[in-house]
1. Please enumerate the residues belonging to the range C:222-240 that are in a loop (DSSP other than H, G, I, E, B) and either within 17 Å of C:Gly150 (Cβ to Cβ) or of a type in the set (Asp, Glu) (or both).
2. Taking C:Arg107 as the residue in question, decide whether it is among the basic types (Lys, Arg), over 8 Å from the mean Cα position of the chain (by Cα) and more than 20 Å from C:Arg92 (Cα to Cα).
3. Output the residues belonging to the range A:77-93 that are more than 10 Å from chain B (Cβ to nearest Cβ) and part of a helix (DSSP H, G or I).
4. Does A:Val16 fit the bill of being under 27 Å from B:Asp112 (Cα atoms), among the hydrophobic types (A, V, I, L, M, F, W, C), over 13 Å from the mean Cα position of the chain (by Cα) and within 11 Å of chain C (Cβ to nearest Cβ)?
5. Would it be correct to say that C:Leu40 is buried (at least 19 other Cβ atoms within 10 Å of the Cβ) and either within 11 Å of chain A (Cβ to nearest Cβ) or outside any helix (DSSP H, G or I) (or both)?
6. Name the residues in the range A:36-57 that are buried (at least 21 other Cβ atoms within 10 Å of the Cβ), within 22 Å of C:Tyr8 (Cβ to Cβ) and more than 7 Å from chain B (Cβ to nearest Cβ), would you?
7. Name, by its number, the condition in (1) surrounded by fewer than 18 Cβ atoms within 10 Å (Cβ to Cβ); (2) free of Cβ contacts under 8 Å to residues at least 24 places away in the same chain that does not hold for B:Asp557.
8. Output yes when any residue across the range B:14-33 is of a type outside the set (Lys, Arg), on the phi > 0 side of the Ramachandran plot, more than 14 Å from chain A (Cβ to nearest Cβ) and surrounded by fewer than 18 Cβ atoms within 10 Å (Cβ to Cβ), and no when none is.
Amino acid sequence: MKVNIEINGRATAEEVEDRTLLVHYIRDVVGLTGTNVGCDTTSCGACTVLLDGESVKSCTMLAAQADGHAVTTVEGLGANGELHPVQRAFREQHGLQCGFCTPGMMMASVSLLNENPKPSRDEVRAALEGNLCRCTGYHNIVSAVMDASVQEVEG
Amino acid sequence: MSLMGTRVVRIEDQKLITSGGVYVDDLREPLLNGAAHAVFVRSPLAHARILGVDASAAREAPGVVAVFTAADLDITKDDDPRMEPWLAGEKVRYVGEPVALVLTDHRYQLADAAELVDVDYDPLPAVIGFDAAINGDTLLFDGTDGNVVQRNGGPFDDATFDGCETVVTHTIVNQRVAPAPLETRGASCAWGEDGRVTAWLSTQNAQIGRGSIAAGLGVDPALVRVVAPDVGGGFGAKIGAPDEAVVLAWAAKRIGRGVRWTETRSENLTAMTHGRAQRQVITIGGRRDGTVEAFRLHVEQDLGAYARAAFLPTLTELMASGVYHFPVVETESIAVCTTTTPIGAYRGAGRPEATAAVERAMDLFAAEIGMDPAEVRRINFIRPEEFPFTTGSGANYDTGEYAAVLDKVLAAARYPELRAEQAKRRESGDVVALGIGVSTYVEITGGDASGESGRVDINPDGTVTAYTGSSPHGQGLATTLVMLLSDRLGIPMDRITLRYGDTDEVPKAVGTFGSRSLQLGGSAVAQAADQVIERARELAADLLEASPDDIELNLADGVWQVRGAAGAGTVSWSSVAERADPPLSEDVWFADGKPTFPFGAHVAVVEVDTATGKVRVRRMVAGDDAGPVVNPLTFRGQRHGGLAQGVAQALLEIMDYDEDGNPVTATLADYSFITAPELPDFELVDSETPTTRNLLGVKGIGEAATIGSTPAVQSAVVDALAHLGVRHVDMPATPQRVWQAINDAKEAV
Amino acid sequence: MIPAAFTYRRASTVDEALALLAQHGDDAKLLAGGHSLLPLMKLRFAAPEILIDMADVADLRYVRLDGDRVRIGALTRYHDLQHDGILLEHARLVAHAAGVVGDPQIRHRGTIGGSVAHADPAADVPAALLASDATLVIAGPSGSREVPIGGFFQGPFTTTLGADELLTEIVVPSKASQGWGFEKFTRRAIDWAIVGVAAVGGSVALINMAGTPIRAKAVEAALADGASIEDAAALTAEGTSPVDEAHAGAEYRKHLARVLTARALEQVAGRIPAGLA
């Protein structure tokens, strides 16, 4: 089938197998490999992207379901060569180590801040329950989200 | 001003936060154009004889390039009956063991074709757990006399505990867990027209991987290039090359095409090695004044189906006595094979098991004599003036300030206030009990003592290209090493490029494991830089027409000048490098790397809902001393990650099998990987005690916090329930286990 | 993992979906948010030949007040339910239960109708609806029918929904004046309930204590007879049949159900705040 999906502001239109998962459309068809696959049970959140501005797990969506919608991936987070505040804060607070969970973690964080611009540290933890990280112990990820929301980083 | 000890944001991050890392599955290398995709067909049974494999239907499926089974392989391994085959041909010994390789044109054809490979299995009894293995009713390997593959130490002296006023013994479990790096394993292989194979591996050690692939294929290592692209975490489970990579390299040659392989998570949870998997019997004896007189550790190591990690119980024995000066230490270990996923290194690898054992023993001893657990520890510490100290189990510790770090951590935790709150809750009968767990630990880093490579080139334009044998994959080591070089050379960080993880660029190296990288890899590049400086001094002396003895490197400005004659002119690194013939390059093998012994103390504070058994971690206070800190940002990051994995093992994670050998936690929906809401903010206490054993004075920090935190949390859970008569809860302290422990204690009263 | 091949069809109205169902029968599956079905298809536990995507059926996404009842379109997402002003006033229990499903990403996709039709005994929202005496509106080839939710669930993942039918609306009586309580016991925040309790007024429904969500009838009867919370909650395990697994055995689950019911009822009574657990 043919799908039309806007990715990072750019229209894409490709012929795909009906069963194509959105994450593979993004990675293999469009060639944006920043979005990662970390599991097969909708558990890890590494594949998180924004669909019409809201976080979704792109491994648990068909490309067909995104037909006619707008997707944002890590590659589309910054604008005009400037880092998005969440990107800047992840670097400044050392909110990433190996980097594999990072694109999904940042997209989940952007979605959180859209819905709750001034979360507490506990609210950040709760909102990131669907994003696994094996490296950071989450402490600095929470700090990064606090920093991105222009709040005191520690407690 | 020196960069040492300053907070420097990572040079690695720009790419990772904008376009994402380039992991194996992301590669768009020309050699991989048109590569086939690969999947391994894996055993669904724990133990079975293979009567036949029919791949005919799979070979006819859409897009299938080839299907290979053991019968197709013309690469061999040693004749040892316990040797792990490349692909199982006669028997499978764990769920997840590879049986066949399927190659297709497109990724989406893999699972369809793999389903069509028909393997005829004749099931055999599963061997699950140490007891089933050692009774030997079912042998994993035909032609052997049992499932025991290694025995160390023992027999114990019957009189060891004679004369002790108090002796406590307990059997405890250090459960099997999954390393679960966020990136699963992956490899891509392709042969070039020059007859060389390139393998891109998600690995911690490209050079070890090259050795394995060359040996497996039976070719000269010069014909193998291994590249580690960005690696999404390893935690010990990505050391070297997996057997799958050898089979893929072989297959790529056979089909005359590149191959790409990335395992699924469900595959990863049974096919990648697991960690820990020990049962231990601890016995401790001493006087009622708190002095321990003897400690005994008996280790039963489940190695899984193949003996990849027989070194683990050996390391556990080596570190058995922890931070304590015990007059008598006795250890023994027995390692067996079972029909489960093979065990391998996992963050700490042998030392967390040692620390958990001795710390549980100290707690049990303290409870028995009615003394505060922190006080019992203090009484038995090795004192600062006793270093270097050789323990009863043969480890030679370098430096340590065990009481000092414990006192700092207790102060930060406000320990007396916590004990007061605990007493108040107990008095009021609060359903939520407070538990305070104290652990102190020492571990061994760079324990392999096999050295590391480092090379520093000063380019004619004054920039630096450095090469390290270490293999950073998330630790921030690239930033750390560039800081070290900048500091030594007086050249800004942004003019220094660090290369690693490609065997063509760094032919000789060990790589990253065992928290070795800064102390060995860092020492190697530092030593190379120092040698570059000495050569440059000679060259600068020529240029400035002065004696080398009078030439100094002005670190602030990054120029060479005559000492005491600042107005007499300077020469730049660029001028020095241009003058150099041969080029200004020093290649070093830092072999002087003796093991070091980081240490620390952790306090965990937990709340236990005694009605349901659920544990909530309220605080984690950690002091981890690994000598001078180069970059506090990444140093703390390593501790954070270690703390989380420690809490995870204590409370949540277990790789579990049913009695038939089926894994019951083989997806991330079932395996309780720790998440952000289960963790508190971490409170870190600083402590820096240098080692004398390398030129930087540093020890490793990669594993330390995992080692310290696991027993602290376990201890806190038990401490919360101590007033109810509970003395021990095995890990993970699941709600049901905690509830059961409370019930059992009630019944015992 | 990747699903087995299927044909994707998109319905833009309820009638079109019904026509596709009539045409393809058991070979077809309805796709709402896809967060129950797609994971099963990826692991190849399900392999429908036809997927009928309901995403374009925009008129099934709403929450409306209709007298003393709240009408919820079957395709309304958890995320919308959890923040909906009408639900927060008239069916706070349902809004809260929707807010503890999965994680934010799942709540951005998963729908109330998908959850009810999937009939997972460990699901949160069906039990909240059961405690709330909800009614389901089901469209079929011969028109629409209404069934009380209590008669809908037949067993794990089985309901009275016909292969040619689809769930269009959930109707919840207003509970604006009644206290409510909700307890979900998990090891990790992200997990499915080991045991859960949804209570509103004198109604109590249990999560994961049988093959379907069930009402704790003995508890309700005792409360109606004026029993104390403690005494009523002690009866929670009556008539339950929880699964017996290594990490959470049946006896432990029965114990948990009693403890959690007491806590949920304390919330109903306003003695401890609801919505924290």
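The values are calculated or read from the model by the stated rules, or taken from the named source; none is laboratory data. Keep in mind it's a predicted model, so treat the numbers as computed, not measured. As a convention, Cβ positions derive from the backbone with ideal geometry for all residues, glycine included, and neighbour counts pool all protein chains shown.
1. At the first step, the residues of the range C:222-240 found to be in a loop (DSSP other than H, G, I, E, B) are C:225-228, C:234-240.
Of everything in the range C:222-240, those that are in a loop (DSSP other than H, G, I, E, B) and either within 17 Å of C:Gly150 (Cβ to Cβ) or of a type in the set (Asp, Glu) (or both) turn out to be C:Asp225, C:Glu238, C:Gly239, C:Thr240.
2. no
3. Listed by number, the list holds a single entry, A:Pro85.
4. Details: under 27 Å from B:Asp112 (Cα atoms): yes; among the hydrophobic types (A, V, I, L, M, F, W, C): yes; over 13 Å from the mean Cα position of the chain (by Cα): yes; within 11 Å of chain C (Cβ to nearest Cβ): yes.
Answer is yes for this residue.
5. No; evaluated as a whole, the condition is false for this residue.
6. Correct list: A:Val37, A:Thr42, A:Cys47, A:Val49, A:Leu51, A:Val56, A:Lys57.
7. (2)
8. There is no residue in the range B:14-33 that is of a type outside the set (Lys, Arg), on the phi > 0 side of the Ramachandran plot, more than 14 Å from chain A (Cβ to nearest Cβ) and surrounded by fewer than 18 Cβ atoms within 10 Å (Cβ to Cβ).
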